[in-house]
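Scroll down for the structure; my scribbles are underneath it.
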There are 2 protein chains.
Amino acid sequence: MAESVQLKLVSSVKCFGGMQNVYSFFSKQLQCETRFSAYIPPKADTQNPVPVLYWLSGLTCTEENFIIKSGFQRYASEHNLMVVGPDTSPRGCNIEGEDANWDFGTGAGFYVDATTEKYKNNYRMYSYVVKELPTVVEQNLPVIKDARSISGHSMGGHGALICALKNPGFYKCATAFAPISNPTASTWGVKCFTGYLGDSKETWLEYDATVLVSKYTGPDLHLRIDQGSVDPFMDHLIPNNFVEACKKAGVSLDYRLHDGYEHGYMFVGTFIGEHIKLHSDILRK
Amino acid sequence: MAESVQLKLVSSVKCFGGMQNVYSFFSKQLQCETRFSAYIPPKADTQNPVPVLYWLSGLTCTEENFIIKSGFQRYASEHNLMVVGPDTSPRGCNIEGEDANWDFGTGAGFYVDATTEKYKNNYRMYSYVVKELPTVVEQNLPVIKDARSISGHSMGGHGALICALKNPGFYKCATAFAPISNPTASTWGVKCFTGYLGDSKETWLEYDATVLVSKYTGPDLHLRIDQGSVDPFMDHLIPNNFVEACKKAGVSLDYRLHDGYEHGYMFVGTFIGEHIKLHSDILRK
């Protein structure tokens with residue numbers, strides 16, 4: 001049995017009848033103190049555990065942006081869903097250069113397990129998200145085990161897709177907002193993969209949703225992608241390659257292109273309610 | 001007829017089918033370039049003008065905080081209401097000391113017309129909000145004239161109450177979240193009134209909602225105040241004095257104390273939908 005982790009409550013604010021909490025603990029994967037947010041819906045308690053949606057944020061975010069800007073709490077309260085949001089990288093590890101760029105290092109962990117010498121001891125966001133965080137959440141918060149799903153935005157949309165595709169059955173549903181869908185063909189992806197994984201492109205493919213979905217044979221993930229039609233980062237996101245790969249692989253995907261929407265939280269906030277309803281419906285089937 | 005003002009569009013982002021815009025123009029009252037936000041609901045255009053809710057923000061805010069953090073757009077879209085949010089003070093006027101405090105000067109205009117020598121040429125937020133801004137909005141955006149209402153948060157709740165109470169009939173409805181209800185008895189209020197209005201306390205009373213409501217004889221304002229029970233700023237807000245003054249004056253007030261809620265946007269976001277529905281209902285009567 002896993003050793004029990006003690007959470008510290010960083011903040012706790014009432015919202016739509018539930019509590020928007022932020023916790024911290026020392027992560028073994030990241031080798032640093034890390035924070036995550038958890039919205040506890042009004043009816044959840046140890047006698048009444050609820051399903052949990054993991055939310056992965058995008059470049060430059062902390063655990064805070066989504067809880068302040070998306071308005072998701074209304075829907076999580078209504079659908080009685082816990083929503084857990086990790087940070088986007090380790091912090092304060094004193095790695096030379098980790099704070100020099102907005103799109104690499106701090107705030108840009110890219111949800112991979114780094115193998116390069118400088119980053120391999122801390123930048124293990126993939127194992128943190130799929131192993132350590134769910135364990136810690138299930139030990140400490142009133143969630144139903146095996147009723148997990150995952151979603152995210154931009155870099156976090158990439159994270160949600162790869163975490164679900166690499167762990168068939170672990171997440172019952174995966175959705176994404178404007179995800180970096182084919183990172184090995186994106187300058188954002190190439191920069192982070194080079195820095196965290198080195199020059200061997202073979203290893204990059206293990207973290208590319210468009211590659212992974214081509215080989216996916218697990219249960220239906222109820223994949224949904226929402227994308228704004230005037231997103232200025234479309235060249236980094238490349239959703240069409242993922243859409244084509246799903247078609248070729250026979251994997252069901254609900255891809256929705258929204259006329260006139262951009263990349264930010266105004267877009268996420270507009271559609272997050274529909275995603276939360278979908279996750280809740282699938283997790284309660 | 002008022003001289004026409006040309007607005008500059010600072011930003012425009014689609015949200016819940018409408019457009020969340022930010023405009024700027026040179027304000028004669030404030031003698032500086034100033035910004036305001038306007039959410040244009042999906043069905044509003046010059047052939048189909050809509051009612052307008054003015055939203056006044058609290059200390060330290062710009063026109064941006066409310067549009068990013070409250071999630072109000074969902075409800076404004078649903079109820080086909082325009083929502084306009086001015087800045088909380090003039091900016092960049094180069095008045096010595098105006099940036100020295102978070103609770104006075106920049107970001108803290110307190111919705112009064114200053115009379116002290118240093119501030120009287122720029123800090124005219126009261127006249128800006130009740131005269132210049134509505135004129136500019138009605139000249140430039142698809143709103144129904146005489147279908148205005150007002151709301152706000154904290155310092156902005158104070159602003160909403162005094163603007164409505166001082167101009168009977170101009171706003172059809174006034175609501176507030178955790179307003180500074182009796183500023184002449186609040187250290188925040190005393191600091192700003194002293195700085196903007198000088199030591200003569202007689203003039204302060206003209207901007208104190210608890211004093212103003214005692215003399216109010218205009219049409220029903222459908223006053224509503226929402227207040228969190230664990231708001232850490234209760235000593236500055238003093239809602240009970242306002243509640244008592246309404247009772248004595250026979251002015252109808254829907255005062256709602258919400259158990260366990262605090263002061264910030266998690267509180268505002270939880271109840272903003274009910275306020276927007278109320279404003280829409282009253283403005284369409």
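Tabulated values for the structure
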read-out	value
Other-copy label distances relative to residue B:185, 7 angstrom Cα-Cβ extension, nm	6.8
Antiparallel bridges, percent of DSSP beta bridges restricted to the protein assembly as shown (to nearest 5)	50 percent
Residue list for region B:253-276, given a label point 7 angstrom along the Cα-to-Cβ vector of residue A:64 and an amide N cut-off under 14 Å	B:265-266
Antiparallel bridges, percent of DSSP beta bridges restricted to region B:33-104 (to nearest 5)	60 percent
Theoretical ellipticity at 222 nm over chain B - DSSP helices of four or more residues, -39500 (n - 2.57) apiece, nearest 500	-8000 deg cm²/dmol
GNM top mover of B:58, B:159, B:260 - chain B, alpha-carbon springs below 10 Å	B:260
Teacher prompt: residue A:100 distances to equivalent labels in other copies, 7 Å Cα→Cβ, nm	4.2
Inter-site label distance for residue A:102 and residue B:120 at 7 Å from Cα along Cβ, in nm	4.4 nm
Highest-fluctuation residue, B:20, B:227, B:139 considered, GNM on chain B with Cα pairs under 10 Å	B:139
For region A:136-285: span of alpha carbons on each principal axis (Å, largest first)	41, 36, 32
Taking region A:24-80 and dividing mean pair separation by its residue count, relative contact order in percent (alpha carbons under 8 Å, at least six apart)	35 percent
Magnitude of the charge dipole, the protein assembly as shown, Cβ model with Lys/Arg +1 and Asp/Glu -1, debye to 20	1140 debye
Computed magnitude of the charge dipole of region A:8-283 (debye, nearest 20; Cβ of K, R +1, Cβ of D, E -1)	600 debye
Other protein chain Cβ atoms within 10 Å, averaged over every residue that makes up A:238-245	0
Per-residue average of Cβ from other chains inside 10 Å of A:268-280	1
Centre separation in Å (Cα based) which lies between region B:205-225 and region B:55-95	23 Å
GluC sites (Glu not before Pro), loop per DSSP, at most 10 other Cβ atoms within 10 Å - longest free stretch of chain B	B:118-285
Label-point separation, residue A:24 to residue B:94 (7 Å along Cα→Cβ), nm	4.3 nm
Footprinting exposure proxy for B:216, B:171 (fewest neighbouring C-beta atoms within 10 Å first)	B:216, B:171
Along each principal axis, Cα extent of the protein assembly as shown, largest first, Å	75, 48, 48
Taking B:248, A:14, B:277 and counting other C-beta atoms within 10 Å, the order from fewest to most	B:248, B:277, A:14
log₁₀ of I(q)/I(0) at q = 0.08, 0.14 Å⁻¹ - chain B, Debye sum with one point per alpha carbon	-0.29, -0.96
Chain A, relative contact order [Cα under 8 Å, separation at least 6], %	17 percent
Bridge type composition, chain A - antiparallel percent by DSSP, nearest 5	50 percent
Region B:4-139: translational diffusion in µm²/s, Stokes-Einstein, Kirkwood Rh over Cα pairs, 10 °C, 1.306 mPa s	103 µm²/s
Computed E for residue B:43/residue B:135 - FRET, C-beta separation, R0 25 angstrom, nearest 0.05	0.55
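Taken together, the values in this text are just the output of simple stated rules run on the coordinates, not laboratory data. Fair warning: this is a prediction, and the values are worked out from it, not measured in the lab. Here the Cβ is made from the backbone with ideal geometry for all residues, glycine too, and neighbour counts use every protein chain on show.
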